[in-house]
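Okay, structure first, notes after.
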Amino acid sequence: MREMFITIEGIDGCGKSTQALILKEKIAIHCGVGVVLTGEPGGTTVGSIVREVLLNKDMDNVTEFLLFAADRNEHIKSLIRPSINNGIIVISDRFLDSSVAYQGFGRGVSFDFINYVHSFITQGLKPDLTFIVDVEPEVGLRRLKKTDRIENGGLEFLRRVREGYIELSKRDRRFVVIKGEMDLDIVSDEIWENFLIRRKEWIESQKD
Ligand code: TMP
């Protein structure tokens, strides 16, 4: 049976990577099903090389998007699709929505172009559930110890990215927005409660 594909999104410093790890551990303990935690950019061998370039070298905005898309294509084909098709839940720390939020809303790359490339590489695959861990950009920036090239974009850039995520969350029921400024345990409890609700619905939908 095909399994669920879950993504976790948010601006830099929102705490999503810690939350993804906690969610993975809870699923492994409570759901009796295999689960893998991965992420973008860099979820594959090819992707880890692309990640180095993306986070360290200055480049044109379209080149930047295409490198994220190349990383994503490799990730889908070599890891995400084979795993969910083999009955393993996949949690990805960032996916499609990161490019729409960062390169589209943040950098102004054409949404039509982004959507076209995405439709070509995903072949219809989209997350069954996406958590957006939402924090004020000021909070996100304050939490970052060391910043990479993209995180250096500054407050205005992160504001556009955050607004992008909020806009996206209104477009599809797969999104659940979680307030990320509360204590870590409160945030993880909220993610877990929402996961259980969506998991039940998903299992029901597979019976149809
Ligand atoms: P990370 O810190 O979550 O590993 O992500 C690295 C940076 O890459 C982060 O600043 C967000 C950025 N990013 C994009 O700009 N577009 C994308 O499509 C992805 C996946 C990440």
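Which residues does the label zone of Q206 cover in segment 104-128, counting backbone N under 19 Å from a point 7 Å along Cα→Cβ?
Output list for this probe position: 125-128.
Between W192 and E167, what length in nm is gained on full extension when 0.36 nm per residue of separation is reduced by their alpha carbon distance?
Gain in length upon complete extension: 6.7 nm.
I'd like the Karplus ³J(HN,Hα) series for segment 134-148: coefficients 6.51, -1.76, 1.60, θ = phi - 60°, whole numbers in Hz, and an x wherever there's a Gly or Pro.
9, 10, 4, x, 4, 5, x, 5, 4, 6, 6, 7, 10, 10, 9
Quickly estimate the mean residue ellipticity at 222 nm for the chain, helices only: each DSSP H run with n ≥ 4 gives -39500 (n - 2.57), and the total goes over all residues, rounded to 500.
Result for the chain: -16500 deg cm²/dmol, rounded to the nearest 500.
Which whole-number percentage describes the relative contact order of segment 9-146, with Cα contacts under 8 Å and a sequence gap of 6 or more?
39
For segment 43-117 and segment 133-177, write down the distance between their C-alpha centroids in whole Å.
Centre-to-centre (Cα) distance: 17 Å.
Evaluate E = 1/(1 + (r/R0)^6) for I88 and L55, where r is the Cβ-Cβ distance and R0 equals 35 Å; express this FRET efficiency to the nearest 0.05.
For I88 and L55, the calculated efficiency is 0.80.
At most 11 other Cβ atoms within 10 Å and a DSSP loop assignment: could you name the trypsin sites (Lys or Arg not before Pro) in segment 137-171 that fit?
The qualifying sites are K145, K146, K170, R171.
What list of ³J(HN,Hα) values in whole Hz, one per residue of segment 189-200 in order, does the Karplus curve 6.51 cos²θ - 1.76 cosθ + 1.60 (θ = phi - 60°) give from phi, with Gly and Pro shown as x?
5, 5, 4, 5, 4, 5, 4, 4, 4, 5, 5, 4
Can you list the residues, at least 5 places off or on another chain, whose amide H is less than 5 Å from the amide H of I132, using H built in the peptide plane?
When sequence neighbours closer than 5 places are left aside, the close amide H contacts are E9, V176, V177, I178.
Under 5 Å between amide H atoms, partner at least 5 residues away or on a different chain: which partners does G34 have, H built in plane at 1.01 Å?
Under 5 Å from the amide H of G34: I89.
Round to the nearest 0.05 the FRET efficiency obtained for V62 and L21 when R0 = 30 Å and r is the Cβ-Cβ distance.
Efficiency computed from Cβ-Cβ geometry: 0.35.
None of the figures in this text is laboratory data; all of them are computed from the coordinates on show. Just so it is clear, the structure is predicted and the values come from calculations on it, not from any experiment. Heads up, the Cβs are rebuilt from the backbone with ideal geometry, glycines too, and the neighbour counts pull from every protein chain shown.
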